[in-house]
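Everything on this sheet refers to the single structure shown next.
Please treat every number below as a calculation from the coordinates, not as lab data. Source: prediction; values computed, not measured. Heads up, the Cβs are rebuilt from the backbone with ideal geometry, glycines too, and the neighbour counts pull from every protein chain shown.
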Amino acid sequence: MLTMHCISIPTPYPVGPVNAYLVKGEPLTLVDCGPDTPEGREALTAGLKEHGTGPEEIKRVVITHAHPDHSGLAQWIWQASGAEVYVHPYEYKKITGEQDFIKERLPFIVKMGIPMRVLIEMAGEKDILPRSTLSEVSIKPLTGGEKLNFQGGAIEMLHFPGHATGHICVYDQESGNLISGDFLLPHITPNPLLEADPEDPSRRYPSLSRYLEGLDFLEGMHIKRALPGHGEIIENPGEVINAAREHHHKRFGVVLDILEKGGKMSTYQISSAMYPDLQGFEIFLGLSEVQAHLDVLLERGSIKLEFSNGVVHYMKVN
């Protein structure tokens, strides 16, 4: 049976440390790797040393998604060992730095009614950390369904979008353990981030719809434990799945209550009512959260929209 060892790595983000997982077996494999900071390199090196190895011995790196707290050290490990780096194609341009974060999302953001001064404030903090700049030849694509074999077993790659379009979870069927990345977390619910649809960049990706579908699928897998990207091991995955559903059910209610009182409102106006104290890049996270819930409510017929003066406004259906 494969063993998975958690290595906690500090990050400069409010979410706190990120978990990397060393899968002991041949070839030696690391799932996620932490941010590319001096503290990150030191913590990963120390964690690997505790288990009798080092960055130069890693043969494969699996990236659950391209956010820099999970993928930042992939380039550094590759330089140390020549490791193969696996990532979903939807995350490829993010991990190579080819995708401009704000430019890709700007067509959607400008329709949210956000004031220019707020947009400038939000955009100014988008790149807290440098991303990896891996060359094309060093990246192996994972779309979900693949198995990576070891001398003592295999792990399966599963596509669970929502927090990121190309988010991958790693499943060991023999033990029932799932490395869940940011898809399932013990004390917080991952943000359904605003992204363009990789198959049609003119459209928003239905992040929350895909996330809720993923929760249903994950529940049906009856996994024993989830090994999350942040926080402690989840021994009760079913309870955490239900808590995530309940979180979004309550958020739907909050959005509808705001529209009941405010009438016709933009995404930015609703976000400001829900999260009045957000600053900098947090504003983008708030907009993502609200827009994701608006998209689902629109699908369900609970709200309708009106486009005027370049801004989309939403109204509750009576």
- Listed here are the pairs LYS94/LYS304; LYS250/LYS304; LYS111/LYS316; LYS59/LYS224; which of them are more than 29 Å apart at the Cα? LYS94/LYS304
- Which length gain, in nm to one decimal place, applies between GLU50 and ASN236 when the Cα-Cα distance is subtracted from 0.36 nm times their residue separation? 64.2 nm
- Query: What does the charge dipole of the chain about its Cα centre add up to, to the nearest 20 debye, if the Cβ of each Lys and Arg holds +1 and the Cβ of each Asp and Glu holds -1?
  - Reply: 700
- Query: What aspartates and glutamates could a cross-link reach from LYS264, if we take a straight Cα to Cα line under 17 Å and drop same-chain neighbours fewer than 8 places away?
  - Reply: ASP295, GLU306
- Message: I need the shape label for segment 229-289. Rule: rounded when a/c is under 1.5, else prolate if a/b > b/c, else oblate, with a, b, c from the alpha carbon gyration tensor.
- Response: oblate
- Note on the structure: Packing-ranked peptide list from 28-37, 114-123, highest mean Cβ count within 10 angstrom first, is 28-37, 114-123
- Query: Fewest to most neighbouring Cβ within 10 Å: what's the order for THR53, THR96, THR267, THR64?
  - Reply: THR53, THR96, THR267, THR64
- In cubic angstrom, how much convex hull volume per residue do the alpha carbon atoms of the chain span? 125
- Mean ellipticity per residue at 222 nm, deg cm²/dmol - from DSSP H runs of n ≥ 4 across the chain, formula -39500 (n - 2.57): -11000 deg cm²/dmol
- What trypsin sites (Lys or Arg not before Pro) in segment 285-318 are in a loop by DSSP, with at most 11 other Cβ atoms within 10 Å of the Cβ? ARG300
- Task: Kindly express, to the nearest 10 degrees and within the range 0 to 90, the angle between helix 237-262's C-alpha long axis and the longest C-alpha principal axis of the chain.
- Result: 20
- Query: Which whole-angstrom value gives the distance between the alpha carbon centres of segment 44-101 and segment 176-228?
  - Reply: 21
- Query: Between the DSSP loop rule and a limit of at most 16 other Cβ atoms within 10 Å, which GluC sites (Glu not before Pro) in segment 230-302 are left?
  - Reply: GLU232, GLU235
- Note on the structure: Note: probe point = Cα of TYR275 + 7 Å toward Cβ; backbone nitrogen < 19 Å; residues of segment 154-189 passing the test are 162-165, 182-189
- For HIS247 paired with GLU282, estimate the spin-label separation in nm (one decimal), with each label point 7 Å from Cα along the Cα-to-Cβ line. 1.7
- Item | Extent along principal axes [Cα atoms of segment 250-316; Å; largest to smallest] | 31, 31, 21
- Along the Cα-to-Cβ line of ASN318, 7 Å from the Cα, sits a label point; which residues in segment 254-272 have backbone N less than 14 Å from it? 260-264
- For VAL62, residues with placed amide H under 5 Å, excluding near neighbours: LEU30, VAL31, ASP32, TYR86
